[in-house]
1. Test A:I283 against the stated conditions and say whether it is surrounded by 17 or more Cβ atoms within 10 Å (Cβ to Cβ) and farther than 21 Å from A:R48 by Cβ.
2. Only one of B:R48, B:R95, B:R99 is within 14 Å of the chain's Cα centre (by Cα) and not hydroxyl-bearing (S, T, Y); which?
3. What pairs come out if I take residues in region A:89-109 that are on the phi > 0 side of the Ramachandran plot and within 14 Å of chain B (Cβ to nearest Cβ) and pair them with residues that are surrounded by 21 or more Cβ atoms within 10 Å (Cβ to Cβ) and part of a strand (DSSP E or B) whose C-beta lies under 6 Å away, six or more apart or interchain?
4. Just to be sure I understand, how many residues within region A:119-131 are out of contact with any Ser or Thr (no Cβ under 9 Å at 6 or more places or on another chain) and either crowded, with 24+ Cβ neighbours inside 10 Å or within 13 Å of chain B (Cβ to nearest Cβ) (or both)?
5. Sort out which residues of region A:200-228 are within 11 Å of chain B (Cβ to nearest Cβ) and of a type in the set (A, V, I, L, M), and write them in order of number.
6. Do we find a residue being farther than 18 Å from B:G118 by Cα, in contact with a strand residue (DSSP E or B) (Cβ under 8 Å, 6 or more places away or on another chain), surrounded by 14 or more Cβ atoms within 10 Å (Cβ to Cβ) and within 13 Å of chain A (Cβ to nearest Cβ) anywhere in region B:301-316?
7. I need every pair where a residue in region B:31-45 that is assigned to a helix (DSSP H, G or I) has its Cβ under 7 Å from the Cβ of a residue that is among the hydroxyl-bearing types (S, T, Y) and surrounded by fewer than 24 Cβ atoms within 10 Å (Cβ to Cβ), sequence separation at least 6 or different chains.
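The values are calculated or read from the model by the stated rules, or taken from the named source; none is laboratory data. These numbers were taken from a predicted model, which means no experiment stands behind them. FYI the Cβ positions are ideal-geometry reconstructions off the backbone, even for glycines, and counts take in every protein chain you see.
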There are 2 protein chains.
Amino acid sequence: MNVSPNELREFSLKCFIAYGVPRDQAEVVVDHLIMASLRGVDSHGIIRLPYYLNGIEKGYVKPAAKIKILRETPVTALIDGGMGLGIFVATYSTRLAIRKAKSSGIVLVGAKNLGHVGMLAYYTKLLAENGLIGFACANGPSLVAPWGGRERIFGTNPISVGFPVNGKPVIIDMATSAMASFRIRLAKIKGEKIPNDAALDKEGRPTNDPEAALKGVLLPFGGHKGYAFSLMVEILSSALLGAPMSKEIIHHPSTQGGFLVAALDASIFRNYEDYKRDILKIIELIKKCEPMHGVKEVLLPGEPEELIYEKRVKTGIPIDQETWKRLLEIAEKLGIAPPKIMRSP
Amino acid sequence: MNVSPNELREFSLKCFIAYGVPRDQAEVVVDHLIMASLRGVDSHGIIRLPYYLNGIEKGYVKPAAKIKILRETPVTALIDGGMGLGIFVATYSTRLAIRKAKSSGIVLVGAKNLGHVGMLAYYTKLLAENGLIGFACANGPSLVAPWGGRERIFGTNPISVGFPVNGKPVIIDMATSAMASFRIRLAKIKGEKIPNDAALDKEGRPTNDPEAALKGVLLPFGGHKGYAFSLMVEILSSALLGAPMSKEIIHHPSTQGGFLVAALDASIFRNYEDYKRDILKIIELIKKCEPMHGVKEVLLPGEPEELIYEKRVKTGIPIDQETWKRLLEIAEKLGIAPPKIMRSP
């Protein structure tokens, strides 16, 4: 079934406020979850609402983040998120990065002691809308083996990079694992196989059975090269900031390790107009590229998400049965009216 | 046959000087080529000497780089390399980054109008030896298709990232293509197949025949995720700096597009000792990781190169027949004694 973004927004806001989250913090978190759902990044969208509330109940995250700036220079800052909702802390960190980058050109902001930061594309989009090239990464609960290994050492350790282009930034956002564990669970429910190079079973052998994969370990994308990026994110998000290693993070959909965001003024080396003209040339080359055999069209990173966004803004956000059941339970528990189901036009 | 690093160093130095390269610039380039060969990165080692000299002859690179700083702030600089030998210009840029990072914590230096920069690990190692986390990238002549496409749009667009660890930094260095074109040529000579997902033939179909691959196009590593990194390097190395796009670069082993290096003081957010303790914990987890079925040991990025380095420092640098022939031709042409062949101990 489909639900309108506004219905979901109002409902989620009431839930967070009922759990003691200050309205300004709740608004940031809800805006993020709705945007993730609209972009088709369902694993980081409205599905997370029940888990975030559960994380507050369990004490993994605190409803009201009390943010402290631990260290600061004109080009850097280290944030203590006070174990608040990660999306609020990471958005605060990103906005601080924007203010600093406008005056000094480049900036690096780290955050530790925070919950799950959601979809990294949210932050690099925010940076790109402010004319900034952005980088963001975070480590999470351990699920992924280093290349050649069979133990869970890294989180799915995502990376996002964004480039401003008038109105339509190029947004890269990916887990450094071959597959997200969420998608493996989906394959299990649907009775589908997973690719051969995405996971190992308990005995350390490649498997395409999602159930065996969930008992085993995920693999990094792209073999030893993807592994290098998993490790890079791990170091940047933990050792550099003093945040926990992936192995030290509690396994729960509301938790995260450290979060790092970097921003760079796109006009630091030349006029923005020159940068824009040249990035548009690269984009044009890609859009006009002859597709390989069996492929219709070459897409830019982030383009599939934008296409889903344009569709879902009109048709509403699809909610799976399990999540819908949870939302109804929460509504009943809190005495809030559940979101209305949208009639398709 | 094997040749001692010192013999190769002396010989190469004389060649560059005979071609009009100032001694201080030649020393930097030769040190780099020897280090690449010692680390087993043969494609960026002594093999390049004849090509670099040929690039000077053809006018693609100038023997004496006249470097200009076009723009500068406390945290950034843009270098014009005057079309000099890329290794000299990139090393100059990296040393400037080191000086700036020591005072401001983070820094970004770009360079344009320069020849081939060699092995990026050289620069991130230099940064790591100075306590700096480093990032370097460069674009090159177009060989690689975007994911789903069949046209040569990107170079092999390498990325390197380095992390200081007492004495033994972690050094990541990779092409963002699935395979280097050099390795595909090697497979052709040896009559070997290449992996299925490394290249397309002229008709845009996946191929494991190296000859068909060389007539077709290389693919990015790791599917659409690796493609995103190819694109990232392309934008950072060209549009950001005002350097040529990969498609605009002359195809020759002495050429390059733009070069970007970023450095970050590892103690910017906490004491270096704390950072060191925690990165060593991550390294220990990886080194103790149970290997997957059929694998002996889990290695860190850069570890295979370090193992080759330790061996070749003793046994000398192996030179293939073709390169040896070229070195002898150059020796004769310039009236310089060729390097002596090393007797194995």
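1. Judged against the criteria, A:I283 is a match.
2. It is B:R48.
3. A:G105/A:D265; A:G105/B:T76
4. Qualifying residue count, region A:119-131: 1.
5. Within region A:200-228, A:L200, A:V217, A:L219, A:A228 meet the criteria.
6. The answer is yes; a qualifying residue exists.
7. Partner pairs satisfying both residue conditions: B:L38/B:Y309.
Residue-wise test of (1) outside any loop (DSSP other than H, G, I, E, B); (2) away from every other protein chain (no Cβ under 14 Å); (3) modelled with pLDDT of 95 or more.
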{"site": "A:S230", "(1), (2), (3)": "yes, no, yes"}
{"site": "A:V233", "(1), (2), (3)": "yes, no, yes"}
{"site": "A:I268", "(1), (2), (3)": "no, no, yes"}
{"site": "A:L285", "(1), (2), (3)": "yes, no, yes"}
{"site": "A:E297", "(1), (2), (3)": "no, no, yes"}
{"site": "A:R326", "(1), (2), (3)": "yes, yes, yes"}
